[in-house]
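Novice: Got a structure for you, questions after.
The values are calculated or read from the model by the stated rules, or taken from the named source; none is laboratory data. Source: prediction; values computed, not measured. Cβ coordinates were reconstructed from backbone atoms using ideal geometry, including for glycine residues, and neighbour counts include every protein chain displayed.
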Amino acid sequence: MMTGGYAHAKQFNRHRGELRTGLGRIIRDIRRRIVGNEELEAVFAWPLSCASQIRSQQQRQRGWKLYSFHAPEVECIGKGKASAPYEFGVKASIVSTNARAPGGQFVLHAKALPGNPYDGHTLAAVIEGTEKLTGCEVERAYVDKGYRGHETANPRRVFISGQKRGVFGAIKRELRRRSAIEAVIGHMKNDGHLGRCYLKGRDGDAANAILTAVGYNFRLLLAWLRALLRLILIVIRRSVPIQSALRAAC
């Protein structure tokens, strides 16, 4: 009750102190009860180590921090957004086509990036993976400002959002379309499960990114098939009355 009152009154230092004190009491009580029982000590070893890590870690400390008890692989990602300065999860890289297409933009490559790496250090591996999957060489890559200082085999073919030097003609038009991938990512988060992963561990994060991209592409294909089926049904419906009118005339 007192802890909730501190939080309601925005006395967060006292709130954290009460939580740490309560968690410390629980940890010491469990250790006293299981001392000498090797089976229980083995069972409680991981939960107690996680609880001790949560109790001892500080807000601005360096190194690994535990943000989720049931998902230790969760990381704190600072993207500089005004609405959400910090996001908790795992980074993911999404590659899509740049040219306008009647059926929409298909996702060419999707990959989870555990360990919260710098975006620019992942670009070379992402481009290589995209070329391997599609069998085509990436002529030009358009990325956001988080990829400054990237390490790629052909850095002159990578254009960053807001870049002025060397941007003209077709490159300028294509760079203006870079923001079109934001809608693709939004659909993958809302329609798919990119926004919330229900699979366990780092392997689950990797599988979730790939399956979300596959589901997005399948939805585009189904939309095409629905449009094609609609056209076929319209043609059939228009041809049936003509045939019946010809029979009546005969």
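Novice: Only residues that are touching a helix residue (DSSP H, G or I) at 6+ places or on another chain (Cβ under 9 Å) and not hydrophobic (A, V, I, L, M, F, W, C): list them for the range 116-136, please.
Specialist: Those that are touching a helix residue (DSSP H, G or I) at 6+ places or on another chain (Cβ under 9 Å) and not hydrophobic (A, V, I, L, M, F, W, C): TYR118, ASP119, GLY120, THR122.
Novice: Provide a single number: the residues in the range 169-199 that are more than 18 Å from ALA110 (Cα to Cα) and either without any contact (Cβ under 8 Å) to a residue 12 or more places away in the chain or not acidic (Asp, Glu) (or both).
Specialist: 8
Novice: If you take the residues of the range 182-240 that are of a type in the set (Lys, Arg) and assigned to a helix (DSSP H, G or I), which of them is nearest to GLY115 (Cα to Cα)?
Specialist: Across the range 182-240, the extreme among qualifying residues is ARG202.
Novice: Those residues that are under 16 Å from the mean Cα position of the chain (by Cα), surrounded by 13 or more Cβ atoms within 10 Å (Cβ to Cβ) and under 28 Å from LYS145 (Cβ atoms), I need them from the range 56-78; list them, please.
Specialist: GLU73, VAL74, GLU75, ILE77
Novice: I would also like to ask the following. Is the range 94-102 home to any residue that is touching a residue at least 60 places away in the same chain (Cβ under 8 Å), in contact with a strand residue (DSSP E or B) (Cβ under 6 Å, 6 or more places away or on another chain), under 30 Å from PHE69 (Cβ atoms) and among the β-branched types (Val, Ile, Thr)?
Specialist: Yes, there is a match, as at least one residue in the range 94-102 is touching a residue at least 60 places away in the same chain (Cβ under 8 Å), in contact with a strand residue (DSSP E or B) (Cβ under 6 Å, 6 or more places away or on another chain), under 30 Å from PHE69 (Cβ atoms) and among the β-branched types (Val, Ile, Thr).
Novice: Something else now. Taking the range 32-55 as the region of interest, how many residues are of a type in the set (Lys, Arg) and surrounded by 13 or more Cβ atoms within 10 Å (Cβ to Cβ)?
Specialist: Count: 1.
Novice: Applying the selection to the range 76-96, what residues are part of a loop (DSSP other than H, G, I, E, B) and either modelled with pLDDT under 90 or on the phi > 0 side of the Ramachandran plot (or both)?
Specialist: LYS79, GLY80, LYS81, ALA82, SER83, ALA84, PRO85
Novice: Could I ask something else about it? Look at ARG156 and say whether it is in a helix (DSSP H, G or I), of a type in the set (Lys, Arg) and modelled with pLDDT under 90.
Specialist: Criteria met by ARG156.
Novice: Here's a follow-up. Checking GLU128 against (1) modelled with pLDDT of 90 or more; (2) touching an Asp or Glu at 6+ places or on another chain (Cβ under 6 Å), which single condition isn't satisfied?
Specialist: Result: GLU128 passes all but (2).
Novice: Can you find even one residue in the range 157-168 that is touching a residue at least 60 places away in the same chain (Cβ under 8 Å) and surrounded by fewer than 15 Cβ atoms within 10 Å (Cβ to Cβ)?
Specialist: no
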